[in-house]
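One structure is given here, and the rest of the page talks about it.
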Amino acid sequence: MIALGVLLVVFILNLARIPLTVFAFLGGALAIGVGFGTQTIIKNVISGIIVLFERKIRVGDIIQLGGTTGHVVAVDLRASTVRGFDGVEALIPNSSFLENQVVNWTYSNPRIRREIRIGIAYGSPTRRAAEIIAGCAADHGEVLKDPPPEVFFEDFADSALLLVLVFWVELGPQRPPGRRVDSDLRYAIEKRLGTAGIAIPFPQRDLHLDSSQPLAVRITPPAAAGGDAGGA
């Protein structure tokens with residue numbers, strides 16, 4: 001029955017003088033259009049299968065891709081959802097994970113190292129200041145004890161003796177990478193250094209005059225307010 005219908009359609013097309021090559025051309029054009037239209041979708045779906053199979057990106061990970069940083073909340077076949085620390089969710093095509101460099105902050109270890117630089121005034125007791133700064137980090141509940149926080153004398157800066165506090169924190173499911181801990185430590189360091197009489201200086205410059213030779217002093221009289229009036 002189907003064969004009879006096909007023969008009937010071919011017979012009618014021949015009577016109407018419509019060549020079969022027209023349908024072949026239309027079918028090829030349609031196939032090309034569908035291929036181009038679904039190319040991106042197929043690429044993202046295949047990438048999603050690879051991401052799900054390899055498990056390099058998992059729900060709960062903190063990743064950084066381009067200008068987006070946040071927690072992975074969903075990994076689907078076509079796209080993944082990343083919620084930034086500002087609460088905004090971004091839909092990222094899965095092919096982006098294979099075509100770009102991705103930083104996974106929690107891939108094998110949720111611990112990250114943080115650094116805070118503190119300048120103290122010249123003449124301050126540096127070792128005492130380092131002990132105070134290290135104590136602030138040790139007393140914070142979210143600073144890891146292993147490895148312990150350390151303070152290094154980094155440099156003689158223009159206006160201060162530069163110390164750097166190095167410590168480790170562990171990232172949580174809803175915790176940004178250490179910003180709140182940094183703020184807490186800065187508050188504590190500023191308070192304890194002030195209590196100990198150790199100043200945190202502002203940028204300044206010292207001006208030195210060479211007094212080995214007498215300084216020339218010149219007094220210039222003020223200019224006359226106006227010229228003499230002309231004679232009558």
In the stretch 75-104, anything within 14 Å of S47 (Cα to Cα) and not hydrophobic (A, V, I, L, M, F, W, C) is listed as D76, R78, S80, P93, N94, S95, S96, E99, N100
Expected output for the stretch 194-217 (first residue closer than 18 Å to R117 by Cβ, partner among the charged types (D, E, K, R) and at pLDDT below 70, Cβ below 8 Å, 6+ apart or cross-chain) is none
Given (1) modelled with pLDDT of 90 or more; (2) within 18 Å of the chain's Cα centre (by Cα); (3) assigned to a helix (DSSP H, G or I); (4) surrounded by fewer than 19 Cβ atoms within 10 Å (Cβ to Cβ), R180 misses just (1)
For L144, state whether it is surrounded by 14 or more Cβ atoms within 10 Å (Cβ to Cβ), free of Cβ contacts under 8 Å to residues at least 40 places away in the same chain and within 30 Å of E54 (Cβ to Cβ). yes
Picked from the stretch 88-136 (must be over 29 Å from G172 (Cβ atoms) and outside the structural domain of V151 (by TED's automatic domain parsing)), the residue surrounded by the most Cβ atoms within 10 Å (Cβ to Cβ) is S95
Scanning the stretch 46-87 for residues that are without any contact (Cβ under 8 Å) to a residue 24 or more places away in the chain and among the basic types (K, R), the one surrounded by the most Cβ atoms within 10 Å (Cβ to Cβ) turns out to be R83
Exactly one of A138, A134 is in contact with a strand residue (DSSP E or B) (Cβ under 8 Å, 6 or more places away or on another chain), of a type outside the set (D, E) and either without any contact (Cβ under 8 Å) to a residue 60 or more places away in the chain or assigned to a helix (DSSP H, G or I) (or both), and that one is A134
Within the stretch 141-175, the residues that are touching a helix residue (DSSP H, G or I) at 6+ places or on another chain (Cβ under 8 Å) and not in a strand (DSSP E or B) are E142, K145, P148, P149
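The values are calculated or read from the model by the stated rules, or taken from the named source; none is laboratory data. Source: prediction; values computed, not measured. Positions of Cβ are generated from backbone atoms using ideal geometry, with glycine treated the same way; all protein chains shown enter the neighbour counts.
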